[in-house]
Amino acid sequence: MENAVESSRLDKLRNIEKLGVDPWGQRFDGHMSIQTILQLPADLPEDQRPGVKAAGRIVSRRIGGKVHWLDLRDWSGQLTTRKTTSDDDKHEASEFTDWSSRIQIMLGQKQIGEIGWALAQELDLGDLVGIEGKFGKTKRGEPTIFAEKLTFLSKSLEPHPDKWSGLSDMEYRLRHRYLDLTYNPELLDRALKRVKIIRTIRSYLDGQGFCEVETPTLHAIAGGAAARPFKTHHNALDIPLFLRIALELHLKRLLVGGMERVYEIGRVFRNEGISQKHNPEFTMLELYQAYGNYESMMDLTEGMVLAAIDAIGGGYQRSYGTQAIDFSPPWARLAYGDAFQQHVGISMHDEAAVKDAAQKTHLAIAGKHHDVLVHELFEHKVEHKLTGPVFVHDYPAALCPLTKRKAAMPTLAERFELYIHGMELANAYTELNDPIMQEQTFSQQLAGLPEEDSMAKMDHDFIRAQRHGMPPAGGLGVGIDRLVMLLTNTQTIRDVILFPLLRPEK
RNA sequence: GCGCUCGUAGCUCAGCUGGUAGAGCACGGCACUUUUAAUGCUGGGGUCUUGGGUUCGAUUCCCAACGAGCGCACCA
């Protein structure tokens, strides 16, 4: 399907070829970043102007008879902080770093040469070009490269978005992420902050003596979490396989193997709904520390997140949407039972009262385990009030088949979740390392739950590993995407994942 | 999975209780060597997401499908 814009661009492509010029460009060495050029002295007399060489995308164009003005963009910015000009009233404007730089180019018929001038006639918005010339200011005071040579680096055959309105249609943005990155600078800023956050987590953990490992993505049994897996098939072995839903069970095998501090940052896959907080594939950090427990994990989590905040800047007082979140340490620690008592008004151990409250909240109660009801109430009445950051610890034991029980109170498990802005950001246990008990919890399905929805999936291979002696350990899981959302004030997971899942077109 | 809303030019958007569509930018032509949302004149560009229905007539009303956004549910 060709429209007028596209056919005109194809014509121009042919014209460039006729001039003997490669419209797709070649290696282009020795150019300077636009940011560097903009810092050169611009007020020198004409005969002393420094020679410069730049490369980038044409994002704006103003054409006179014998002079063309271009705006050239590259990604060398990061010196300027801007405010979003969001038309969305729900969220406050937030600051972001503009990683792009723009510089004006003057192409004059006399100065650019015959072929250069012919090429200039074939330029379109979106083309990539290299410019060599002198840097100075125009009469109006605009920093400008006065071009002496124009090098074609790549033709754009598709029209680019409106230079003033840019891109706003969400679907269009997601299906043309490359344009979104070019024309919505906040997105690029988030993507680069994400890189920084992950890099910081790695160096923080490495500094604590952890080592990063890679474990299989294809699992025979998708365990370690309660989620439906994606199913696939291996042809040569003719066996069904699942994409992993967690990293847990392989990392714990490494504990048995004597790797005392391990972590993995990797993709996991859950065949469930899509929402602003859920993408079918997302990035998890899991780590295990031999001879630690869930309290060691609290300290570690706090230190790691604070290091990430230090890396991207902006301080410990941060905003998320219209809400303020104070990350200043130490973060609150709140027992699950206390949080429950406080917001539901009854004891989580009072079975009759829990049943009663569940009924009043219109929860289906038939055949459900007491702990399941407790947690459903927790999710309805407590979770959204946990602005945090707060470590909620000591969970109902039946919900935690991979967790060690509290010695003094075996109905509770040594587990915490870190809540920030009502979101579960991290989940940690004192790991269950008793293989006999592990076998029991794997085989005890909670009433009313299909096995595929259960965290308790029997995995004999894992139990056999544990039977060889797994050290007592603390373990932690962190949803990296949600962490990036919180730290970059992003309301939807689709804006911290560069290519979130979409239904294919047509 | 359920509910609400949306789908009009390459992009951003108008389009009144139903009479087969407009603007800005982008694109083509003419003029201009100091413009910067350049300007002036001018031209081309649309299966109004798709398929049915109601109607003399549907972009508009109804039904369905497809795609998307938001909310709810699921995610023990």
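The criterion of at least 1 residues that are in contact with a Leu (Cβ under 9 Å, 6 or more places away or on another chain) and over 30 Å from residue A:96 (Cα atoms) is met by the following strands (runs of 3 or more DSSP E) wholly inside the stretch A:242-341: A:261-269, A:281-290, A:332-335. Among the residues of the stretch A:1-42, those identified as open to solvent by 40 Å² or more (accessible area, probe 1.4 Å), part of a loop (DSSP other than H, G, I, E, B) and within 14 Å of RNA strand B (Cβ to nearest atom) are A:1, A:2, A:3. Of the residues A:156, A:165, the single one that is touching a helix residue (DSSP H, G or I) at 6+ places or on another chain (Cβ under 8 Å), hydroxyl-bearing (Ser, Thr, Tyr) and farther than 30 Å from residue A:311 by Cα is A:156. Scanning the stretch A:143-169 for residues that are open to solvent by 70 Å² or more (accessible area, probe 1.4 Å) and either near RNA strand B (Cβ under 7 Å from one of its atoms) or among the acidic types (Asp, Glu) (or both) yields A:148, A:158, A:162, A:163, A:164, A:165, A:168, A:169.
Check A:360, A:368 and return the single one that is farther than 24 Å from residue A:456 by Cα and either of a type outside the set (A, V, I, L, M, F, W, C) or open to solvent by 30 Å² or more (accessible area, probe 1.4 Å) (or both).
Values: A:368 fails: farther than 24 Å from residue A:456 by Cα.
The conditions single out A:360.
Considering the conditions (1) within 14 Å of RNA strand B (Cβ to nearest atom); (2) open to solvent by 70 Å² or more (accessible area, probe 1.4 Å); (3) closer than 27 Å to residue A:480 by Cα, residue A:440 is excluded by exactly one of them, (3). Check whether at least one residue in the stretch A:216-223 is at positive phi and either free of Cβ contacts under 8 Å to residues at least 12 places away in the same chain or assigned by TED's automatic domain parsing to the domain that holds residue A:428 (or both), and report yes or no. No - not one qualifying residue is present in the stretch A:216-223.
Considering only residues that are within 15 Å of residue A:38 (Cα to Cα), open to solvent by less than 40 Å² (accessible area, probe 1.4 Å) and in contact with a strand residue (DSSP E or B) (Cβ under 7 Å, 6 or more places away or on another chain), look in the stretch A:117-142 and name the one that is nearest to RNA strand B (Cβ to nearest atom).
Of the stretch A:117-142, the ones within 15 Å of residue A:38 (Cα to Cα) are A:131-138, A:141-142.
When the remaining residues are screened for being open to solvent by less than 40 Å² (accessible area, probe 1.4 Å), the result is A:131, A:133, A:135-136, A:138, A:141.
From what's left, in contact with a strand residue (DSSP E or B) (Cβ under 7 Å, 6 or more places away or on another chain): A:131, A:133, A:135-136, A:138.
Values: A:131: 15, A:133: 12, A:135: 13, A:136: 9, A:138: 3 Å.
Looking at residues that are within 15 Å of residue A:38 (Cα to Cα), open to solvent by less than 40 Å² (accessible area, probe 1.4 Å) and in contact with a strand residue (DSSP E or B) (Cβ under 7 Å, 6 or more places away or on another chain), I get A:138.
Among the residues of the stretch A:172-210, the ones that are open to solvent by 60 Å² or more (accessible area, probe 1.4 Å), touching a residue at least 24 places away in the same chain (Cβ under 8 Å) and within 16 Å of RNA strand B (Cβ to nearest atom) come to 1 in all. Can you tell me which residue in the stretch A:124-157 is nearest to residue A:43 (Cα to Cα), limited to those that are touching a His at 6+ places or on another chain (Cβ under 9 Å) and among the acidic types (Asp, Glu)? The selected residue is A:132.
If you go through the stretch A:238-287 and keep only what is open to solvent by 20 Å² or more (accessible area, probe 1.4 Å), farther than 20 Å from residue A:220 by Cβ and within 16 Å of RNA strand B (Cβ to nearest atom), you end up with A:272, A:273, A:274, A:275, A:276, A:277, A:278, A:282.
Across the stretch A:43-59, what is the total count of residues that are under 40 Å from the mean Cα position of the chain (by Cα) and within 14 Å of RNA strand B (Cβ to nearest atom)? Reasoning before the result, please.
Let us first name the residues in the stretch A:43-59 that are under 40 Å from the mean Cα position of the chain (by Cα), namely A:52-59.
Those left that are additionally within 14 Å of RNA strand B (Cβ to nearest atom): A:57-59.
The total comes to 3.
For first residues located in the stretch A:484-502 and away from RNA strand B (no atom under 15 Å from the Cβ), partners that are open to solvent by less than 20 Å² (accessible area, probe 1.4 Å) and assigned to a helix (DSSP H, G or I) and lie 6+ apart or on another chain with Cβ distances below 6 Å form the pairs A:484/A:197. Quick test of your reading of the structure: residue A:364 fulfils all but one of (1) touching a residue at least 12 places away in the same chain (Cβ under 8 Å); (2) not assigned by TED's automatic domain parsing to the domain that holds residue A:321. Name the failing condition by number. Result: residue A:364 fails condition (1) only. Residue A:313 fulfils the conditions (1) without any contact (Cβ under 8 Å) to a residue 60 or more places away in the chain; (2) crowded, with 16+ Cβ neighbours inside 10 Å except for a single criterion, (2). A residue that is outside any strand (DSSP E or B) and over 35 Å from the mean Cα position of the chain (by Cα) can be found somewhere in the stretch A:370-393.
Quickly run through the stretch A:449-473 and pick out the residues that are within 26 Å of residue A:389 (Cβ to Cβ) and either modelled with pLDDT of 95 or more or surrounded by fewer than 16 Cβ atoms within 10 Å (Cβ to Cβ) (or both). Let's see the steps before the verdict.
So in the stretch A:449-473, the residues within 26 Å of residue A:389 (Cβ to Cβ) come out as A:455, A:473.
Of everything in the stretch A:449-473, just one residue is within 26 Å of residue A:389 (Cβ to Cβ) and either modelled with pLDDT of 95 or more or surrounded by fewer than 16 Cβ atoms within 10 Å (Cβ to Cβ) (or both), namely A:473.
The values are calculated or read from the model by the stated rules, or taken from the named source; none is laboratory data. Since we're looking at a predicted model, the values are computed, not measured. No Cβ is skipped: glycine too gets one built from the backbone with ideal geometry, and neighbour counts run over all protein chains shown. Heads up: the accessible areas ignore ligands, DNA and RNA and are worked out on the full protein's heavy atoms, side chains in. Shrake-Rupley method; radii C 1.70, N 1.55, O 1.52, S 1.80 Å.
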